[in-house]
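Just so you know, all these numbers are worked out from the coordinates, no wet-lab data involved. Since this is a predicted model, take the numbers as computed values, not measurements. Here the Cβ positions follow ideal geometry from the backbone for every residue, glycine too, while neighbour counts run over all protein chains shown.
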Ligand SMILES: Cc1cc2nc3c(=O)[nH]c(=O)nc-3n(C[C@H](O)[C@H](O)[C@H](O)COP(=O)(O)OP(=O)(O)OC[C@H]3O[C@@H](n4cnc5c(N)ncnc54)[C@H](O)[C@@H]3O)c2cc1C
């Protein structure tokens, strides 16, 4: 570990020599997350504590935990993806999530009483995003984001104590995977067009309908389903129902064949007379659409966080590549045009990062608005596309080889913009 840190410092110093100097981009330092928080000292950490890992999280500890979970950051631009086997198998081994939970980098905000780290400060999520981006674990990163920024965010906000006791410990141990099902074949952006419906039957609801494009739909143990529960109540006629793995009438269709993120499963789901107990409704019945709207800032910030972390990671490996690759007797990074390309990208990423940092702080303070979150999501997703495209060109022919992470990013980069947080109005 010591040698890895030393190598990291050396690489960082070289990076500052070859480009105009810039401050360290480590979010730990950037967001002042480095020191141990005295308030957290000695607190037990449920699932992690049971497994002898109850030390308090600091930015550095979370970062190191990411590295030991995903493998140390590989320095070579060729060897930097430890999830290649997942991508080629088109599946993520569920054990990875249990390992991530044990290390305390998954389900960060789950309360200690349910076995989580009770860490609501979004800067810790940023550390995890950056570390996952560095190893180009694209499908794993998106699945973790889906849990932390989407599914868990709903469950933590909307569930009562009994529901929390039922569902959260499984997430805290990385044994439960969730999904959020809004989109249907006939409607995506305009969720008022949802046709999946649930009618009351005694204490239960009877759910019928179909969903599509559902991330982790094949793997999910529980699915939060947006359904119309009162056809006469307009936008106040939707509710969120939790469907669990073995409920009769719940079936999964095919795993959809996407242009990117092959290991991250995306599925069709079917509900035929599924009996959902009243205890599985999250939030008040009739408020489903409002809940989907009110959770937009976090979902959008999640997309932004992944996009900025990915932009930085792709830029860093491309800068290294430019000073490794030689042409006409010198590193291509010595050519003025390539230095301009690198300097422009470094500037754009630094500027965007300042906006993201502000958003992260605003979110942690409960002040991030849906509009400001949307600005970040749009701008940083577009930046990511530009960075990936320019970095691909700087790799020459090698950029088109799947062996090189930059090539794999081209089929993935647009996806998060279209996958999460549709307009909903
Ligand atoms: C990889 C992947 C994962 C996904 N994961 C999930 C998931 O986990 N859960 C889930 O519920 N959904 C998921 N989705 C679905 C995603 O949320 C929808 O695809 C998205 O909301 C868009 O809906 P749509 O595909 O029906 O497009 P449409 O709504 O048909 O839109 C088509 C085009 O019209 C544009 N458009 C729509 N309305 C307007 C308007 N008012 N003004 C201007 N332009 C407009 C859209 O921007 C888009 O360009 C996922 C999608 C993908 C690709």
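Remarks
- The average projected area of the range 184-331, computed from the convex hull of its Cα atoms over all directions, is 11.6 nm².
- Antiparallel DSSP beta bridges within the range 179-289, percent to nearest 5: 85 percent
- The range 136-210: C-alpha gyration tensor shape, a/c 1.5 cut-off, then a/b vs b/c: oblate
- Exposure proxy ranking for 345, 401, based on other Cβ atoms within 10 angstrom of each Cβ and starting from the fewest, stands as 401, 345.
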